[in-house]
Amino acid sequence: MRCPFCAFLESKVVDSRSSKEGDSIRRRRECLKCARRYTTYERIEEVAQMVIKKDGRREPFDRWKIKSGILKAVEKRPVGLEQVESLIDDVERSLFNSTEHEVSTDAIGQAVMARLKDLDEVAYVRFASVYRQFKDLNEFMNELKTLLT
């Protein structure tokens, strides 16, 4: 495992824990060169899941794309990284537990929004404003009114 701080290739595992669901292992590592610690996650590689884009193209599922969007939405909010990871794990499990190996970007966006709404309403509105691409202020205000009722 390459150290994210100094790029040295050797590290030692300081702590290992299974996730609550048992689908990944969280490892705390210490770089043998710079002695800084970092966290890695080990997951079972499954059959490639494909995402159907709005224009019909298909591409492999990329967990980082979801994480990036959520991190932007929760910026400066009281939401921890572990909560974000848990939310993404939940979305992945719900979408890919079926026998289907393809899922639309719409289904992914809806699943993320549903969970963000329960986690943090401001983050939900931020994510929805980008994801739904509101055309004008009225559409945005209608979404806020729905949230407040």
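The values are calculated or read from the model by the stated rules, or taken from the named source; none is laboratory data. This one's a predicted model, so the numbers in the text were calculated from it and none came from an experiment. Backbone-built Cβ (ideal geometry, glycine too); neighbour counts: all protein chains shown.
Tell me, which helices (runs of 4 or more DSSP H) lie completely within the stretch 46-149 with 3 or more residues that are modelled with pLDDT under 90 and on the phi < 0 side of the Ramachandran plot? Walk me through it before giving the result.
Working: elements: 63-73, 81-96, 105-119, 121-131, 137-148.
In the stretch 46-149, the matching helices (runs of 4 or more DSSP H) lie at 81-96, 105-119, 121-131, 137-148.
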Practice task
Check whether at least one residue in the stretch 35-50 is under 30 Å from Asp118 (Cα atoms) and in contact with a helix residue (DSSP H, G or I) (Cβ under 6 Å, 6 or more places away or on another chain), and report yes or no.
Solution key: yes
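Test of understanding: among Lys33, Lys76, Lys12, Lys65, which residue is closer than 26 Å to Ala107 by Cα and not polar (S, T, N, Q)?
Details: Lys33 fails: closer than 26 Å to Ala107 by Cα; Lys76 fails: closer than 26 Å to Ala107 by Cα; Lys12 fails: closer than 26 Å to Ala107 by Cα.
Result: Lys65 is the single residue among Lys33, Lys76, Lys12, Lys65 that is closer than 26 Å to Ala107 by Cα and not polar (S, T, N, Q).
Condition check ((1) buried (at least 18 other Cβ atoms within 10 Å of the Cβ); (2) free of Cβ contacts under 8 Å to residues at least 12 places away in the same chain; (3) over 14 Å from the mean Cα position of the chain (by Cα); (4) outside the structural domain of Tyr41 (by TED's automatic domain parsing)) across all residues:
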{"position": "Gln83", "(1), (2), (3), (4)": "no, no, no, yes"}
{"position": "Asn97", "(1), (2), (3), (4)": "no, yes, yes, yes"}
{"position": "Thr105", "(1), (2), (3), (4)": "no, no, no, yes"}
{"position": "Ala114", "(1), (2), (3), (4)": "no, yes, no, yes"}
{"position": "Ala123", "(1), (2), (3), (4)": "yes, no, no, yes"}
{"position": "Phe127", "(1), (2), (3), (4)": "yes, no, no, yes"}
{"position": "Val130", "(1), (2), (3), (4)": "no, no, yes, yes"}
{"position": "Glu143", "(1), (2), (3), (4)": "no, no, yes, yes"}
Practice task
Inspect the stretch 71-81 for any residue being under 22 Å from Thr39 (Cα atoms) and crowded, with 16+ Cβ neighbours inside 10 Å and give the result as yes or no.
Solution key: yes
Practice task
Could you check how many residues of the stretch 12-27 are without any contact (Cβ under 8 Å) to a residue 24 or more places away in the chain and surrounded by 14 or more Cβ atoms within 10 Å (Cβ to Cβ)?
Solution key: 3
